[in-house]
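Written out below as structure tokens is the structure these notes cover.
The values are calculated or read from the model by the stated rules, or taken from the named source; none is laboratory data. Owing to the predicted nature of the structure, the values given are computational and were not obtained by experimental measurement. Reconstructed Cβ throughout: ideal geometry from the backbone, glycine too, with neighbour counts over all protein chains shown.
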Amino acid sequence: MAENLSIRKIIDRVLSGEIRIPAFQRDFVWTPDQISFLLDSIYKNFPIGTVFLWKTSSRLESEKDLGNFTIPDPRKEHPVYYVLDGQQRITSLFSVFQTELSPNNNYEWLDVFYDFEASDDIQESKFLALQNSEIIEGRHFPMSVIFDASKFFAEASKLDDTKRDEILRVQQMFQEYSLPTQEFETDSKESIAIVFERINRAGTPLNTYQLLTAWSWSADFDLQEEFNELSDELKPFGFGNISQDKDLLLKCCSGIIKGDTSPKTIISLTGEEVRQNFSKIKSGIIGAIEFLKDQLKVHSLDWMPYPSMIVSLSAFFATDRVSGQTYSDKQRKQIIKWFWKSNFSRRYNSGIQDKHKTDIRNLKDLSVDENKEIAIFDCNIDPKFFLESNFTMGTVNTKTFVLMLANSSPKSFISGANVRLGEVLKTVNRNEFHHIFPKKFLERQGVDKKTINCLANFCFLNNADNQKIKDKDPKVYKSLLPTSDINLIMNSSLCHENSLDLEYQPFLEKRVEILVSKAEDLVK
């Protein structure tokens with residue numbers, strides 16, 4: 001159902017306890033300047049978006065304040081309206097115009113004023129957030145009194161006739177303004193999960209994890225606190241930031257308990273189920289991350305080509321045994337094969353819920369039967385993967401390529417020492433990877449940018465070594481490498497031994513041949 005809500009009605013419904021902020025919403029984060037621009041947009045009749053309210057007869061166990069204000073309990077029992085989208089706008093308008101509630105704290109709050117002397121240019125704002133020392137009487141009119149008749153006329157009486165007429169028009173504009181509003185009425189967890197999923201697709205920062213923690217968990221079990229403690233345990237592994245990916249963690253819970261990660265399944269979880277299985281969930285996530293680090297050189301969440309693969313892998317390691325889930329050599333090889341085939345085939349690019357369902361089932365079966373085949377899907381290694389994919393930090397192909405190099409025990413070009421993978425791969429640092437054939441050297445030869453920056457022209461090369469190489473011809477900087485170890489260094493970087501003696505095109509052809517061969521070995 002769609003309707004419009006006047007600012008006055010929004011204020012009244014918040015004061016009555018009818019409009020509320022669910023705990024799964026993020027905090028109020030708008031700055032005073034953003035609030036001022038919101039008022040200016042309303043003043044100029046610019047669209048400010050639709051407010052989305054969830055109408056329900058079921059109060060959530062956990063709710064948030066509205067900015068600096070504690071929302072009163074509802075004056076009537078049912079229903080209540082939770083803000084799903086538009087919290088920043090509603091909180092801003094309520095905070096500017098309401099006069100009944102006292103703020104819990106207002107150390108960052110600035111009142112907003114209408115500036116009579118501001119330019120009428122459509123690009124300029126007529127509204128300013130000011131500290132008391134910045135207010136000029138007769139120029140700055142407090143917007144806080146717009147909906148309070150006695151205070152408004154007390155302030156307006158101080159103005160000359162021209163300004164009084166102007167501020168009366170401003171008051172009328174805000175009193176008549178209505179926000180487009182859409183309501184969704186349901187008490188169904190399944191329905192709200194689907195709504196949330198679709199809002200997420202549109203880019204609104206809401207997630208099912210936050211809804212579930214607000215809806216289901218009892219006072220004696222704080223899921224976020226449990227995951228924060230788990231995060232601390234994982235910091236030495238480079239995965240301490242996993243607690244920030246709440247959807248990933250929730251899918252691990254659902255995958256381990258239910259074997260499925262669909263919103264419908266996730267929302268059906270109860271706090272009791274998670275409490276009873278949390279030791280198993282914890283062992284699954286820790287075991288998955290230890291395996292990724294020890295067996296695949298994945299030293300941080302940022303280097304996982306598809307973080308969602310952790311969900312499937314955690315199902316293998318999930319156990320109540322204190323010693324954790326052990327694995328045989330056959331099982332280890334099966335998981336490694338599944339890892340590389342999934343990444344090179346970009347298996348987790350789409351249809352993730354179905355992939356999770358299949359892979360979770362297969363990995364659980366593998367945990368009890370070492371002969372279970374789990375990587376039963378196609379994967380063809382195309383030379384274009386290395387020739388047409390540019391080295392771009394954060395992309396799946398680049399992460400897969402870097403991990404392939406890392407699993408070849410690379411050595412530094414100049415010193416010949418082993419690359420300290422733990423240090424390099426705990427952060428996504430572009431300075432640890434550079435062109436084998438220097439960029440400027442190739443530009444002088446007229447090589448196009450895409451060909452220069454293809455994956456096949458990159459290796460582990462720290463910034464210090466790169467500064468020594470600079471834009472030199474490889475035939476020239478070859479002299480900087482330890483003569484007795486050149487072949488070893490080249491092999492460790494998956495390069496032909498004579499790479500630095502070749503012209504660029506033959507170098508690419510030979511290196512791609514080696515890279516393809518290495519990738520094919522990994523997926524066999």
Open item on the list: List pairs: first residue in the range 44-71 and under 23 Å from GLN98 (Cα atoms) and modelled with pLDDT of 90 or more, second residue surrounded by fewer than 14 Cβ atoms within 10 Å (Cβ to Cβ) and among the β-branched types (Val, Ile, Thr) anywhere in the structure, Cβ distance under 8 angstrom, at least six positions apart or on different chains.
Closed with: LYS44/ILE122
- [ ] Residue by residue through the range 49-64, note down the ones that are surrounded by fewer than 17 Cβ atoms within 10 Å (Cβ to Cβ) and in contact with a helix residue (DSSP H, G or I) (Cβ under 6 Å, 6 or more places away or on another chain).
- [x] SER62
Task: Hits in the range 383-405 (condition: aliphatic (A, V, I, L, M) and either within 12 Å of LEU515 (Cα to Cα) or at pLDDT 95 or above (or both)) - done: LEU387, VAL402, LEU403, MET404, LEU405
- [ ] Search the range 44-73 for residues being assigned to a strand (DSSP E or B) and of a type outside the set (A, V, I, L, M, F, W, C), and hand back the single one that is nearest to GLN182 (Cα to Cα).
- [x] LYS55
Task: Leading residue by the ranking (surrounded by the most Cβ atoms within 10 Å (Cβ to Cβ)) among those in the range 1-43 that are in contact (Cβ under 8 Å) with a residue 12 or more places away in the chain, of a type in the set (S, T, N, Q) and part of a helix (DSSP H, G or I) - done: SER36
TODO: For the range 488-504, enumerate the residues that are within 39 Å of the chain's Cα centre (by Cα) and part of a helix (DSSP H, G or I).
DONE: ILE489, MET490, ASN491, SER492, TYR504
Task: Criterion violated by LYS475 - all others in (1) under 28 Å from the mean Cα position of the chain (by Cα); (2) exposed (fewer than 13 other Cβ atoms within 10 Å of the Cβ); (3) within 15 Å of LEU500 (Cβ to Cβ) satisfied - done: (1)
- [ ] Kindly list the number of the only condition in (1) crowded, with 19+ Cβ neighbours inside 10 Å; (2) touching a strand residue (DSSP E or B) at 6+ places or on another chain (Cβ under 9 Å) that fails for GLU388.
- [x] (1)
TODO: Output the residues belonging to the range 239-262 that are touching a Ser or Thr at 6+ places or on another chain (Cβ under 6 Å) and surrounded by fewer than 22 Cβ atoms within 10 Å (Cβ to Cβ).
DONE: GLY240, SER243, LYS258
Open item on the list: Here's a check for you: in the range 82-124, which residue that is hydroxyl-bearing (Ser, Thr, Tyr) and surrounded by 19 or more Cβ atoms within 10 Å (Cβ to Cβ) is modelled with the lowest pLDDT?
Closed with: TYR82
Open item on the list: I'd like to know if the range 414-425 contains one or more residues that are closer than 18 Å to ASP294 by Cβ, of a type in the set (A, V, I, L, M), surrounded by 18 or more Cβ atoms within 10 Å (Cβ to Cβ) and in the same structural domain as GLN295 (by TED's automatic domain parsing).
Closed with: no
Task: Yes/no for ILE352 being under 24 Å from the mean Cα position of the chain (by Cα), aliphatic (A, V, I, L, M), surrounded by fewer than 21 Cβ atoms within 10 Å (Cβ to Cβ) and outside the structural domain of HIS496 (by TED's automatic domain parsing) - done: yes
